[in-house]
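Okay, structure first, notes after.
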Amino acid sequence: MIFGGKKSKLAQLCAEIVGQAEDAVVVIDSSHRIVLFNAGAEEMFGYTGKEAVGERLDMLMPERFQLQHDAMIDEFGAGSFDAKSSNRRNRQIYGRRKDGNEFVASAQIMRLGDKTSRYYAALFRDISQNKRTEEELLRLAATDPLTGAYNRREFTIMAEREALRSHRYHHPLSLMMLDLDHFKRLNDSFGHSAGDKVLQRFTTLCCNTLRNVDIFGRWGGEEFVALLPETDIEGASIIAERLRKIISENILSYNDHKITFTASIGVAQYKDGETTIDGPLGRTDSAVFDAKKAGRNRISVFRN
């Protein structure tokens with residue numbers, strides 16, 4: 001980069017750029033003490049320049065990251081000044097505002113000065129909203145929009161990952177399929193909005209009853225699936241019966257109607273070496289058919 005003009009004028013222009021920049025600009029010396037804190041930094045972190053200048057950079061980050069950050073700066077400073085590329089780094093960091101709230105920021109970190117007079121400058125940009133948007137998009141891609149349960153694609157991915165882990169450590173793994181009984185009749189009697197409410201209540205009951213380690217998803221329509229890690233067929237049967245009972249005893253109030261509903265549940269255990277969902281899913285589907293054939297509102301266990 002080439003500059004023209006007097007050095008004093010150029011320094012004034014640089015100071016104006018830093019002062020007016022929307023991004024936070026923070027410069028520290030070799031002792032990690034703040035020597036420059038622009039208006040963007042004041043707005044981002046909540047400190048005035050007077051409060052920040054002279055203090056350690058630690059004040060701008062959560063305590064759990066302070067030692068790690070100190071080590072990173074020291075390692076960065078120990079590098080050679082010869083290569084331009086080694087004098088810049090881009091990172092995502094956690095910042096801490098004056099009120100204690102934390103946020104995610106992108107940080108472009110630059111090494112300035114020379115071996116005898118060393119400084120570090122960082123340009124911070126708050127990307128918390130970007131991260132929240134990204135996380136929300138990932139959540140939407142993985143879940144069923146009506147019930148919030150995992151969708152078929154995400155459930156399959158998680159199930160196959162869990163099956164590989166189960167196979168590696170020789171832990172039992174079981175699968176349940178849950179099918180709401182007479183769901184079409186319910187929609188015809190009370191309307192599709194009531195049917196949606198039933199699906200949502202059903203999901204809530206299942207998620208509240210299942211364990212934290214269990215994985216619950218909507219397979220399609222009124223069919224749902226639950227993966228039970230480290231659970232053999234006997235344990236899965238106990239969980240399935242507990243679920244069946246809670247579902248059958250629940251009453252949903254909707255538009256002056258008291259709606260009850262039940263589910264038929266099929267249970268199967270993964271066989272040794274099975275790492276895909278296809279085999280266990282076929283067996284649970286068969287077990288659900290047996291439960292419905294036997295009168296509904298019951299569980300059926302597929303014995304390998």
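The values are calculated or read from the model by the stated rules, or taken from the named source; none is laboratory data. Bear in mind the structure is a predicted one, so any value in this text is a computation, not a measurement. Because the Cβ atoms are built from the backbone with ideal geometry, glycine has one as well, and the counts that use them run over all protein chains shown.
Structural remarks
- For the range 212-237, filtering for residues that are touching a Pro at 6+ places or on another chain (Cβ under 9 Å) and in a loop (DSSP other than H, G, I, E, B) leaves 5.
- Residue 179 being in contact with a Ser or Thr (Cβ under 7 Å, 6 or more places away or on another chain) and either in contact (Cβ under 8 Å) with a residue 40 or more places away in the chain or not assigned by TED's automatic domain parsing to the domain that holds residue 282 (or both): yes
- Flag if residue 185 is of a type outside the set (A, V, I, L, M) and under 21 Å from the mean Cα position of the chain (by Cα): no
- Qualifying residue in the range 253-274 (condition: surrounded by fewer than 19 Cβ atoms within 10 Å (Cβ to Cβ), among the basic types (Lys, Arg) and outside any helix (DSSP H, G or I)): yes
- For the range 275-304, a tally of residues being in contact (Cβ under 8 Å) with a residue 12 or more places away in the chain and either in a helix (DSSP H, G or I) or not hydrophobic (A, V, I, L, M, F, W, C) (or both) returns 20.
- Counted as qualifying within the range 114-195 are the helices (runs of 4 or more DSSP H) with 1 or more residues that are within 30 Å of residue 19 (Cα to Cα), namely 128-142.
- Hey, residue 204 under 27 Å from the mean Cα position of the chain (by Cα), touching a residue at least 12 places away in the same chain (Cβ under 8 Å), closer than 29 Å to residue 162 by Cα and surrounded by fewer than 15 Cβ atoms within 10 Å (Cβ to Cβ) or not: no
- One residue from 209, 204, 156 being out of contact with any strand residue (DSSP E or B) (no Cβ under 6 Å at 6 or more places or on another chain) and farther than 18 Å from residue 249 by Cα: 156
- Qualifying residue in the range 289-302 (condition: of a type outside the set (Val, Ile, Thr), within 33 Å of the chain's Cα centre (by Cα) and either closer than 12 Å to residue 174 by Cβ or at pLDDT 95 or above (or both)): no
- Filter result for residue 242 (within 32 Å of the chain's Cα centre (by Cα), farther than 24 Å from residue 164 by Cβ and either of a type in the set (Lys, Arg) or modelled with pLDDT under 95 (or both)): yes
Conditions tested, residue by residue: (1) touching a residue at least 12 places away in the same chain (Cβ under 8 Å); (2) more than 30 Å from residue 231 (Cβ to Cβ).
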residue	(1), (2)
93	yes, yes
97	yes, yes
103	yes, yes
107	yes, yes
110	yes, yes
113	no, yes
131	yes, yes
144	yes, no
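- Single unsatisfied condition, residue 24 versus (1) at pLDDT 85 or above; (2) over 31 Å from the mean Cα position of the chain (by Cα); (3) among the small types (Gly, Ala, Ser): (2)
- Residue 149 being surrounded by 16 or more Cβ atoms within 10 Å (Cβ to Cβ), small (Gly, Ala, Ser), in contact (Cβ under 8 Å) with a residue 40 or more places away in the chain and outside the structural domain of residue 222 (by TED's automatic domain parsing): no
- Scan the range 152-182 for residues that are surrounded by fewer than 19 Cβ atoms within 10 Å (Cβ to Cβ) and over 24 Å from the mean Cα position of the chain (by Cα) and the total you get is 7.
- Criterion violated by residue 237 - all others in (1) at pLDDT 95 or above; (2) more than 15 Å from residue 175 (Cα to Cα) satisfied: (2)
- Scan of the range 234-252 for residues that are in contact (Cβ under 8 Å) with a residue 24 or more places away in the chain and surrounded by fewer than 19 Cβ atoms within 10 Å (Cβ to Cβ), ordered by number: 235, 241, 242, 246, 248, 250, 252
- Taking the range 114-170 as the range and being of a type in the set (A, V, I, L, M) and touching an Asp or Glu at 6+ places or on another chain (Cβ under 7 Å) as the test, the residues that pass are 123, 142, 146, 163.
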